[in-house]
Amino acid sequence: MQLCLALDLPDKQACLCLLEQLKGLNLWVKLGLRGFVREGPAFVQEIQKMGFKIFLDLKLHDISYTMQEAALECAKLGVEMITLHASAGGRALESVVEKMRALSRTPLLMGVTILTSLDSLEVEQVYHAPLTEQTLHLAKLCFSSGLDGVVCSVLESLAIKQATKADFLTLTPGIRPNVQDTQDQKRVGTIQDALRARADFIVVGRPIYNHPKPSESLKQILTQMEGLHASVH
C-alpha cells in the first residue's frame, strides 16, 4: 500500500514549502484540479525536480476524442498516474487506453467511480441506482475497458477486487488516522480499514498539511502503515 499526499494548499509557495519538508520520504504527490488550473504544467516539473512521483488527478470527463487527447497531454508531462471519470463511458475509456499504446512510458490510468463526498441519497439522485451497485458497475466498466484500476471509497475497495481481479488497483481517498476528522468527505476510513480492504494507494491530505510539523505527521503515518502491514503478513 502506497501513500499519496493531497497537495491542496491555497498558493504555490505554501505547496512548495510543504514539499520541501517532505523531500526524501516515501510518498506520491496528488496534484488536483485546483492546483493544476492555478499553477499550470510548469508546476508539475517543479514537483518532479523535488523527486516525487505525481498523481495528476484531473478526472477527465468529455467526449472520446477530447479525453484521449487530454490524457495524452497529461502523459507527456511525465506524471505517473492520471484519472478518468468512469461515467464518460466505455468507448471514451477504451479510446484513452488505445491512445496510450503509442507511448513508450505510460501513466497508470485510474477510473473515478463515485466521489467519496457523495452519500447514498446523492448517488441515487445522480445515477438512479444504489451506491454499491453503481460503484461496482463503474468499476467493472473500467476493468473491461483496460484501465489499471479505480478510485473508490475504502468501503468498496474489497468488493471491487472480488468483482474484477485481485491485482486491479484501488486508490482510496479520504483516509484519516482519526476517522472522526471527515470534513467534506462522507465515505471514509482509517489506514487500517484501507489495509483490510486491500487498497493499493491511499490519499491523505489535511492530517499531514494541517499538522504543526507535517514531516512528523507523515512519518507517523508511514510508520503506522508499515506496522499494520507487518501485522497481517
### Query
Is at least one residue of region 7-15 hydrophobic (A, V, I, L, M, F, W, C), closer than 23 Å to Val150 by Cα and in contact (Cβ under 8 Å) with a residue 24 or more places away in the chain?
yes
### Message
Looking at region 57-79 only, could you name the residues that are within 26 Å of His137 (Cα to Cα), open to solvent by 40 Å² or more (accessible area, probe 1.4 Å) and not hydroxyl-bearing (Ser, Thr, Tyr)?
### Response
Lys59, His61, Asp62, Ile63, Glu69
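To keep it simple, each residue is scored yes or no on (1) of a type in the set (A, V, I, L, M); (2) within 21 Å of Met110 (Cα to Cα).
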site	(1), (2)
Gln2	no, yes
Leu9	yes, no
Leu16	yes, no
Leu25	yes, no
Lys30	no, yes
Glu39	no, no
Glu46	no, no
### Task
Find the residue count for region 19-56, including only residues that are assigned to a helix (DSSP H, G or I) and open to solvent by less than 10 Å² (accessible area, probe 1.4 Å).
6
### Query
Hey, does region 116-138 have a residue that's among the small types (Gly, Ala, Ser), at pLDDT 95 or above and either under 17 Å from Lys30 (Cα atoms) or more than 14 Å from the chain's Cα centre (by Cα) (or both)?
no
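Condition check ((1) open to solvent by less than 10 Å² (accessible area, probe 1.4 Å); (2) in contact with a Lys or Arg (Cβ under 9 Å, 6 or more places away or on another chain); (3) not in a helix (DSSP H, G or I)) across all residues:
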| residue | (1), (2), (3) |
| --- | --- |
| Leu84 | yes, yes, yes |
| Ser87 | no, no, no |
| Ser95 | no, no, no |
| Leu115 | no, yes, yes |
| Val126 | no, no, no |
| Glu133 | no, no, no |
#### Entry: Arg91 modelled with pLDDT under 95, assigned to a helix (DSSP H, G or I), of a type outside the set (Asp, Glu) and open to solvent by 10 Å² or more (accessible area, probe 1.4 Å)
no
### Search result, residues across region 192-208 that are under 23 Å from Leu109 (Cα atoms) and of a type in the set (A, V, I, L, M)
Ala194, Leu195, Ala197, Ala199, Ile202, Val203, Val204
### Message
If I ask for residues that are open to solvent by 10 Å² or more (accessible area, probe 1.4 Å) and either part of a helix (DSSP H, G or I) or among the polar types (S, T, N, Q) (or both), which ones from region 104-113 would you list?
### Response
Ser104, Thr106
### Task
Select from region 1-26 the residues that are closer than 13 Å to Arg206 by Cβ and in contact with a Pro (Cβ under 8 Å, 6 or more places away or on another chain) and list them in ascending order.
Ala6, Leu18
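The values are calculated or read from the model by the stated rules, or taken from the named source; none is laboratory data. Because the structure is a prediction, the values reported are computed rather than measured. As a convention, Cβ positions derive from the backbone with ideal geometry for all residues, glycine included, and neighbour counts pool all protein chains shown. Only protein heavy atoms, including side chains, enter the accessible area calculation; ligands, DNA and RNA are left aside. Shrake-Rupley method; radii C 1.70, N 1.55, O 1.52, S 1.80 Å.
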